[in-house]
Structures are given as structure tokens and as C-alpha cells.
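The values are calculated or read from the model by the stated rules, or taken from the named source; none is laboratory data. In this text, all values refer to a predicted model and were calculated from it rather than measured experimentally. Here the Cβ positions follow ideal geometry from the backbone for every residue, glycine too, while neighbour counts run over all protein chains shown.
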Amino acid sequence: MVFAAFPGSDVSESASESPQAESRPRLGRWARLTISAAVLALFLFLGHRHLGELHRLAEASLPIVALMFGCVALGRVGQGRTIQLLLLPLGHAMRFRDGFFISNLTGLSNLLLPRAGVGTAALYLNRRHEVPFSDYGSITVFLALLDAVATGLVGLLSLALAAALTAAPFDLRIALAFAGVVLGGVAATQIRMDLPARFDGRIARFLRSLGTGWKKLKVHGSAMARIAAIRLLLLPLTAVRLQLAFIALGVDVPFLGVLLAAMLGTLAQISSITPAGIGIREAAVAYAASAIGCTPATALAAAVLDRLVTTVFLIVAGQIGLWRSMAGGLMREEGNDSARR
């Protein structure tokens with residue numbers, strides 16, 4: 001399976017492992033799918049009273065929806081660019097279109113199984129670009145911490161501004177959640193991965209390689225600053241997309257409230273156990289309805305429209321990328337066969 005290629009993603013690295021070992025990834029995937037289904041069912045049960053505005057989706061403005069697709073594309077371009085920039089300090093040069101493809105592939109895989117995108121991207125980079133799993137692990141850790149800290153900071157700022165400049169209440173629980181993520185992310189950067197020499201198993205070797213990659217990334221401060229700037233710009237872009245969803249449904253709401261809702265939704269998605277944060281992100285946006293200045297039902301309808309646009313884009317772009325990748329691989333194999341003849 002393509003999802004089983006990255007340590008921690010239920011992948012077995014050796015084809016010679018026992019049947020019991022091979023069955024563990026399947027059990028893990030089924031367990032995650034079962035938990036995800038249970039969580040989604042719970043959210044549907046608790047939020048069924050807020051489904052009354054979903055009929056607005058059929059009346060959404062198509063030009064505005066087209067702009068939302070443009071925002072999704074820009075976001076994926078930015079994510080692909082950060083992957084490309086992060087691989088350079090580790091000694092791996094990659095074309096921009098490959099970074100864009102990996103960004104879409106990650107998103108598409110996450111739609112199928114929670115956290116599956118990490119393993120899928122790691123396998124692709126390892127097979128096509130000879131990037132070690134530990135190097136991509138370093139990138140993943142860095143981006144996860146960066147996104148968590150940035151989301152928390154922007155969320156705190158938007159919460160404070162919304163409370164000061166609009167009628168939105170200052171929700172202490174949301175503030176504590178954002179602050180906790182910031183503190184946790186900063187603290188995590190201080191964790192050392194230098195293990196004693198007596199530990200020499202597969203996991204220990206992977207952690208040492210991960211630590212080496214992490215140190216390499218820390219040395220390149222200017223590159224990390226550019227990447228941080230790109231990721232910070234991507235966060236308001238998610239709010240712009242959500243704002244467009246409200247506009248497409250004919251609802252006029254202030255941007256600060258939408259920014260807060262988008263950051264809360266992003267935070268929920270980062271910690272989600274459902275595929276691509278389905279259900280949890282929408283619930284977070286609906287929870288922030290008072291800050292947005294609308295009803296939870298309206299906020300949920302906008303979040304669902306945003307989800308539909310994102311999902312359609314990932315399915316189409318991901319499939320195109322997969323087709324191009326497979327076509328390129330076949331052409332290379334034919335070229336190698338011709339050269340051998």
C-alpha cells in the first residue's frame with residue numbers, strides 16, 4: 001500500500017516481515033477509519049440542528065466559487081514551494097511542479113485516511129527523488145510546529161482585534177487553546193533527539209537521522225525565514241477563502257470574525273483524527289459563529305461550501321498529478337529499455 005512507507009504511518013519497511021507484522025498496518029488503518037466514522041457520526045448527531053442552512057449551497061454564486069478555487073490553488077502553490085525550499089538545505093533539489101504535486105498528493109491522501117498524506121509523500125520522494133524518509137520526517141516536523149505556532153499567534157491576534165474592534169466576545173477558552181498550541185510548539189523545538197549509543201534499532205536510527213535533518217534546517221536561518229513568511233501568508237488566505245464562501249451564500253460578515261473562525265478551524269484540523277479534519281473543522285467554524293456575527297447554521301453552511309471546493313480541487317489536481325507521474329515513469333522505463341537494446 002502507498003500509505004505504508006513512512007515510520008509512524010503503519011508502513012512496513014521490509015517485504016520479508018511476518019504475516020502478523022503485515023496485518024498490523026491493516027488493523028491500524030481499520031482502527032483509524034472506525035474511530036473517524038464514529039467521530040463523524042457524533043458530530044452529525046450533535047450538530048443536526050444546525051443543518052437548516054445547507055440549502056443555500058445550491059444557490060451559491062458561481063463566480064465567487066471560482067475565486068475560491070483560485071484561493072485553493074494559491075494555497076497549494078505556496079505549500080509546494082515550502083516543500084521545495086525545505087529540501088534544498090538537506091541536499092535535495094526538486095522542481096517546483098514536483099512540490100506542487102506532492103502538496104496535492106498529500107491533501108488527496110489525507111482525504112482517504114487520517115495522516116496518510118505524510119506516508120504517501122515520503123514514499124513518492126524516496127522512490128522518485130531518493131529522499132530518505134528521515135529527511136522528509138524533518139520537514140514534516142518543522143512544518144507541523146511552524147503551522148501550529150503561526151496558527152496560534154494569528155488566532156490570538158484575531159481574537160484580540162475582534163473583541164476590541166467588533167461586538168464579538170472574548171472567548172477565554174479559545175484564547176487558552178491558541179496560547180497552549182503556541183507554547184507547546186515552541187517547547188517542542190527544544191527537544192533533543194540525540195539518543196545514547198546503546199540504542200541501535202530501526203526506530204533509534206530513524207530518530208537520529210531525523211535529528212540530523214532538524215539540525216541542518218536550523219542552520220539555514222534565512223531559508224527558514226522565507227518559509228515562515230510563506231506559511232504566514234497562507235493562513236490569512238484560508239480566511240479569505242472562507243470569507244468568499246460567506247459572500248457566495250449571500251452573507252455579509254466582518255473579516256476579523258472570519259479570520260478567527262478560520263484559525264480555529266485550522267487548529268482543529270491540525271489535531272484532527274478524521275480524514276483531512278472533516279467534521280471537526282466545520283464544527284470549529286460553527287462554534288465561532290458568535291465571533292463571525294452569524295448563526296451557527298450559516299457558519300456551518302459556509303464551512304461546508306469551503307470543504308466542497310477544497311475537496312473537488314484536491315481530487316482533480318491530485319488525479320492529474322498522479323496520471324502525469326505515472327506517465328513520466330512509463331516514459332523513463334521505455335527509454336531505459338531502448339538504451340539497453
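Going residue by residue through segment 59-80, is there one that turns out to be polar (S, T, N, Q), modelled with pLDDT of 60 or more and within 21 Å of the chain's Cα centre (by Cα)? First the steps, then the outcome.
So the first thing to find is which residues in segment 59-80 are polar (S, T, N, Q), and the list is 61, 79.
Applying the additional criterion that residues be modelled with pLDDT of 60 or more yields 61, 79.
Applying the additional criterion that residues be within 21 Å of the chain's Cα centre (by Cα) yields 79.
Yes, segment 59-80 contains a residue that is polar (S, T, N, Q), modelled with pLDDT of 60 or more and within 21 Å of the chain's Cα centre (by Cα).
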Discussion item. Among the residues in segment 128-146, are any surrounded by fewer than 21 Cβ atoms within 10 Å (Cβ to Cβ), charged (D, E, K, R) and in a helix (DSSP H, G or I)?
Written reply: yes
Discussion item. Would you confirm whether or not segment 110-127 contains a residue that is free of Cβ contacts under 8 Å to residues at least 24 places away in the same chain, touching a Gly at 6+ places or on another chain (Cβ under 8 Å) and within 30 Å of ALA302 (Cβ to Cβ)?
Written reply: yes
Worksheet item: Among the residues of segment 182-198, is there at least one that is outside any loop (DSSP other than H, G, I, E, B), modelled with pLDDT of 90 or more and of a type outside the set (Asp, Glu)?
Response: yes
Practice prompt. Filter the helices (runs of 4 or more DSSP H) completely within segment 214-308 down to those with at least 1 residues that are closer than 23 Å to ARG76 by Cα and aromatic (Phe, Trp, Tyr).
Written response: 221-248, 255-270
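Just one of LEU105, LEU87 is part of a helix (DSSP H, G or I), touching a His at 6+ places or on another chain (Cβ under 9 Å), touching a residue at least 24 places away in the same chain (Cβ under 8 Å) and crowded, with 21+ Cβ neighbours inside 10 Å; which is it? Show your work before the answer.
Details: LEU105 fails: touching a His at 6+ places or on another chain (Cβ under 9 Å).
Being part of a helix (DSSP H, G or I), touching a His at 6+ places or on another chain (Cβ under 9 Å), touching a residue at least 24 places away in the same chain (Cβ under 8 Å) and crowded, with 21+ Cβ neighbours inside 10 Å holds for just one of LEU105, LEU87, which is LEU87.
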Worksheet item: What pairs come up if the first residue lies in segment 254-272 and is free of Cβ contacts under 8 Å to residues at least 60 places away in the same chain and within 19 Å of VAL304 (Cβ to Cβ), the second is of a type in the set (Gly, Ala, Ser) and not in a helix (DSSP H, G or I), and their beta carbons are under 7 Å apart, counting only those six or more places apart or on different chains?
Response: ALA261/ALA288
Worksheet item: Which one of the conditions (1) of a type outside the set (Val, Ile, Thr); (2) in contact with a His (Cβ under 9 Å, 6 or more places away or on another chain); (3) not in a helix (DSSP H, G or I) does PRO114 fail to meet, given that it meets all the rest?
Response: (2)
Response to the item:
Selection over segment 130-178 where residues are under 24 Å from the mean Cα position of the chain (by Cα), of a type outside the set (S, T, N, Q) and closer than 20 Å to PRO254 by Cβ yields a count of 8
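Condition check ((1) out of contact with any Asp or Glu (no Cβ under 6 Å at 6 or more places or on another chain); (2) at pLDDT below 85; (3) surrounded by 15 or more Cβ atoms within 10 Å (Cβ to Cβ); (4) not hydroxyl-bearing (Ser, Thr, Tyr)) across all residues:
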position: SER209; (1), (2), (3), (4): yes, yes, yes, no
position: TRP214; (1), (2), (3), (4): yes, yes, yes, yes
position: VAL219; (1), (2), (3), (4): yes, yes, no, yes
position: ALA228; (1), (2), (3), (4): yes, no, yes, yes
position: LEU233; (1), (2), (3), (4): yes, no, no, yes
position: ILE247; (1), (2), (3), (4): yes, no, yes, yes
position: PRO254; (1), (2), (3), (4): yes, no, yes, yes
